[in-house]
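Written below as structure tokens is the structure these notes are about.
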Ligand code: MN
């Protein structure tokens, strides 16, 4: 093993017992062998990248198949390995994950979004989201992107901007949409300097010194609050402090138009056990420090639309610093960072029950309310994925033309719908269709992520039977119109 690999390898090994690690090690040795001699643009040995992705995937508590898939995620594209070989060695589940990841990359490369209108971006996000089929695929893809963003410096300036834009416009919003706020925030922060260099420089200029000086002060404020809570015999799990990321400041500045209106640049975050503890803690914070008027927000009783829950108050500390204090339970904290997937990721089923019991109904987020009966322990990653993108998949599917345009169709659509959606003449002359390079019949049901190609023939004319194949009203109308002319 190359020396630089050893500590990272040990890191992964340390996360598992011997029996579990046997499975992972097999994937590792296979990947190490297949990638041997390959270097990344940064100059490091290629295997370091999948190894780091596997470690982060492990930390998210994903299953062993996901960790193996993380180790093998670039194997199909970058080495001479066949799907059969993967299936023989690692089984169908690992193959499914690795193939799905490769398919996402193919789609992404195909659907380049040169004309970056808002609609096209939304379509591309939907395409990726609806093609993944399993929440583990999305999570591994995001972790992969995070690691690639860390090596952005090694690319050409054009590639840097291109990748950062894609991260900011496609992958970060996908994270936000699924409630993976913690990951989305990291992606945003890493892309920001490349996509909006001037705004980044301005915010950094304004905030950097302040952030540098504020550390010592926040430490003191945290100790002061911790001591006060202990003195009052009020229980808390921990007090963190958080500085707003540069990109969040940028977003808020765009909204408010004034830096002085951003009150939550620095915040103390108090994590407690129960909802009752949240309100007790709020009272004590206001005893210790002077609250600013009209700054109290109870997102426990009235959660934000995205499900976020906490109490926010802004105070003037004894050192005359304005600080926001955020109070939340441990479960709210996980929910805020990882969305409903946190209940699945961290196997919180046992706690989930007490979570629902402990909170009054009005305190449940809108999102959580509809999902509170889910048994997360017995929900597999495919089902969880369906739940998260249900609203999207129920109505629409997203497919790609050979040229890379993303086309949205009604769920249940066939190649006939696709052909007419591209152009009436293509519909009228539609002879055959290929889906993912395989010939299919014209009544074939398309799925999100399919690459669809229509073979036309000028002699071909619409057929009455097509009306049975067509799913969309618009398609039927065009076929009827054409039939009348014949
Ligand atoms: Mn990769």
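Residue 98 falls short on exactly one of the conditions (1) in contact (Cβ under 8 Å) with a residue 60 or more places away in the chain; (2) closer than 22 Å to residue 61 by Cα; (3) within 16 Å of the ligand (Cβ to nearest atom); (4) buried (at least 21 other Cβ atoms within 10 Å of the Cβ), and that condition is (1). Among the residues making up the stretch 33-42, those that are under 20 Å from residue 151 (Cα atoms), surrounded by 13 or more Cβ atoms within 10 Å (Cβ to Cβ) and more than 11 Å from the ligand (Cβ to nearest atom) are 38, 41, 42.
Scanning the stretch 43-53 for residues that are farther than 15 Å from residue 146 by Cβ and more than 10 Å from the ligand (Cβ to nearest atom) returns 43, 44, 45, 47.
Among the residues of the stretch 109-120, are any within 16 Å of the ligand (Cβ to nearest atom) and outside the structural domain of residue 247 (by TED's automatic domain parsing)? Within the stretch 109-120 (the criterion being within 16 Å of the ligand (Cβ to nearest atom) and outside the structural domain of residue 247 (by TED's automatic domain parsing)), the answer is yes, since at least one residue qualifies.
All of (1) closer than 20 Å to residue 150 by Cα; (2) surrounded by 15 or more Cβ atoms within 10 Å (Cβ to Cβ) hold for residue 64 with one exception: (1).
Of the helices (runs of 4 or more DSSP H) lying entirely inside the stretch 139-250, those containing at least 1 residues that are closer than 30 Å to residue 390 by Cβ and more than 16 Å from the ligand (Cβ to nearest atom) span 157-166, 172-178, 181-195. Filtering the stretch 261-277 for residues that are in a helix (DSSP H, G or I), closer than 19 Å to residue 316 by Cα and modelled with pLDDT under 95 leaves a non-empty set. Can you spot a residue in the stretch 177-195 that is free of Cβ contacts under 8 Å to residues at least 12 places away in the same chain, surrounded by fewer than 17 Cβ atoms within 10 Å (Cβ to Cβ) and more than 20 Å from residue 253 (Cα to Cα)? No, that holds for no residue.
Quick one: is residue 58 farther than 23 Å from residue 344 by Cβ and either out of contact with any helix residue (DSSP H, G or I) (no Cβ under 8 Å at 6 or more places or on another chain) or away from the ligand (no atom under 11 Å from the Cβ) (or both)? Against the criterion (farther than 23 Å from residue 344 by Cβ and either out of contact with any helix residue (DSSP H, G or I) (no Cβ under 8 Å at 6 or more places or on another chain) or away from the ligand (no atom under 11 Å from the Cβ) (or both)), residue 58 does not qualify.
Taking the criterion of being within 15 Å of the ligand (Cβ to nearest atom), part of a loop (DSSP other than H, G, I, E, B) and touching a residue at least 60 places away in the same chain (Cβ under 8 Å), the only residue of the stretch 61-73 that qualifies is 73.
Part of a helix (DSSP H, G or I) and touching a residue at least 60 places away in the same chain (Cβ under 8 Å): does that describe residue 384? Spelling it out, residue 384 is indeed part of a helix (DSSP H, G or I) and touching a residue at least 60 places away in the same chain (Cβ under 8 Å).
A residue that is more than 14 Å from the ligand (Cβ to nearest atom), touching a residue at least 60 places away in the same chain (Cβ under 8 Å) and assigned to a helix (DSSP H, G or I) can be found somewhere in the stretch 76-91.
The values are calculated or read from the model by the stated rules, or taken from the named source; none is laboratory data. Just so it is clear, the model here is predicted, and its values are computed rather than measured. Cβ coordinates were reconstructed from backbone atoms using ideal geometry, including for glycine residues, and neighbour counts include every protein chain displayed.
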